[in-house]
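For reference, the structure discussed in these notes is given below.
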Amino acid sequence: MNTSTAPVKPAADTASRARTSRVRRLAETPEVGVVTACVVVFAALAIDKSAFAGAVNLQGMGFDLAQYGLIAIGESLVILTGGIDLSVGALLGTSVILMSWFNVRAGMPPVVAILVTLAIAGGVGLLHGLAVTRLRMAPFVVTLVTYTVAQGVTLAITSGTSITGIGGLFGDIGQTYVAQIPLPLLLFVVVAAVAWFFLERTYAGRQVYAVGGNPEAARLAGIRGSRRIVSMYVTSSLLSAFAGIMVLGRMSVGSASGVGVGWELSAIAAAVIGGVSLVGGQGRIIGIVAGTVLLELINNGLTTLRVNTNYTNIVLGCVLGLAITADRLRARSIAKRG
């Protein structure tokens with residue numbers, strides 16, 4: 001009687017396939033591509049223009065990165081729940097004016113002016129969340145209303161003029177260096193770390209992903225989605241006001257001209273470039289930070305190369321379009337595999 005045994009695949013082949021699978025999954029991770037792009041863009045600009053990698057320029061980029069990064073994180077938290085916040089830029093600009101007015105015109109100490117403005121911003125975020133969850137209003141419409149109202153409030157308070165004589169605390173926050181590193185950049189890193197811990201290591205953070213990824217499944221699992229959605233809108237508005245503190249400290253004047261205008265597009269672009277899905281439920285803080293860094297490298301690089309500033313929005317729009325296309329293709333690929 002003859003017996004035969006099936007050939008045993010060598011363990012080396014199995015290990016090789018496992019390594020290939022891990023490499024493939026890593027390559028498909030959006031954060032890896034963004035980080036790689038950051039390295040390539042930085043290296044190319046540093047080689048072409050030595051001043052780009054100079055300490056002065058890097059410090060300036062640090063200030064910019066903190067401002068844009070804070071609203072990008074806030075925007076991303078809202079997008080993760082399946083919503084969107086178009087008011088982050090306008091609310092930042094209004095926060096700058098409110099803090100200036102409270103400090104200079106109303107005579108409030110800087111700390112009080114900051115706290116009152118944060119309270120107002122938090123209230124705006126609360127209204128956003130309640131309108132979306134209780135009144136079932138579309139996030140796009142709700143935040144677009146705030147975008148319009150905030151710009152109107154800014155002009156009504158200032159009549160188009162700047163507010164000068166800002167208290168010294170704002171400058172201490174917005175212009176201080178710690179070991180040659182801008183303080184706003186360090187504060188941004190702290191906020192990013194807290195956001196990462198919240199999303200990756202807490203039950204509430206996992207609920208945010210669940211609510212954005214599959215609201216019905218989250219409801220059946222007993223997750224109070226409304227609470228998570230409201231809290232993310234509040235956080236987004238608070239981060240916009242917090243970024244406003246840094247902007248005001250850096251400028252030392254409450255200006256109504258152009259502050260925060262269009263920044264919501266940069267925030268959305270940073271989120272999508274970093275791998276945040278516009279339909280919610282997918283995205284990581286490391287990708288959001290990397291997306292913000294990439295946008296800052298592009299913006300600063302265009303300035304360093306003396307490209308006409310009128311082309312900046314064209315480039316931003318193209319990058320955003322490519323990022324959204326990549327997001328849709330990635331979602332389609334995941335759906336096919338699933």
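Every number here is computed from the coordinates shown, using simple stated rules; none is lab data. Note that the coordinates shown come from a computational prediction; the quantities given were computed from them, not determined experimentally. Because the Cβ atoms are built from the backbone with ideal geometry, glycine has one as well, and the counts that use them run over all protein chains shown.
Calculated mean residue ellipticity at 222 nm for the chain: -25000 deg cm²/dmol, from DSSP H runs with n ≥ 4 weighted as -39500 (n - 2.57), summed, divided by the residue count and rounded to 500. Footprinting exposure proxy ranking of THR312, THR117, THR94, fewest other C-beta atoms within 10 angstrom first, gives THR312, THR117, THR94. Amide hydrogen proximity for TYR177: with H placed 1.01 Å from N in the peptide plane, the residues at 5 or more positions away or on another chain lying under 5 Å are LEU183. Take the alpha carbon atoms of the stretch 153-224, find their center, do the same for the stretch 226-247, and report the distance between the two centers in whole angstrom. Answer, in whole Å: 6. Return the label of the correct value of Cα extents along the principal axes in Å, as calculated from the structure shown, out of [x] 102, 54, 35; [y] 57, 48, 41; [z] 55, 47, 37. Of the labelled values, this structure produces [x].
Can you pull a Stokes-Einstein diffusion coefficient for the stretch 92-150 at 10 °C (1.306 mPa s), Rh from Kirkwood over Cα pairs, as a whole number of µm²/s? For the chosen part, D equals 128 µm²/s. Using 0.36 nm per residue and subtracting the Cα-Cα separation, the extra length available between VAL141 and PHE197 on full extension is 17.1 nm. Averaging the Cα positions of each part gives two centres, and for the stretch 275-338 and the stretch 51-107 these lie 18 Å apart.
Using Cβ point charges alone (K and R +1, D and E -1), the dipole size of the chain about the Cα centre works out to roughly 1200 debye.
In terms of packing, defined here as the mean over residues of other Cβ atoms within 10 angstrom, the peptides 313-320, 187-194 line up highest first as 187-194, 313-320. Computed on the stretch 118-205, with alpha-carbon pairs under 8 angstrom and 6+ residues apart, the relative contact order is 10 percent. Within the stretch 82-208, all pairs of alpha-carbon atoms sorted by distance into 10 Å bins from zero give the percentages 11, 30, 36, 20, 3. So what is the relative contact order of the stretch 241-338, in percent, for Cα pairs below 8 Å that sit 6 or more residues apart? About 24 percent, as a whole number. Most fluctuating residue of GLU264, GLU31, GLU200 in a GNM of the chain with Cα springs under 10 Å: which is it? Among GLU264, GLU31, GLU200, the largest GNM mean-square fluctuation belongs to GLU200.
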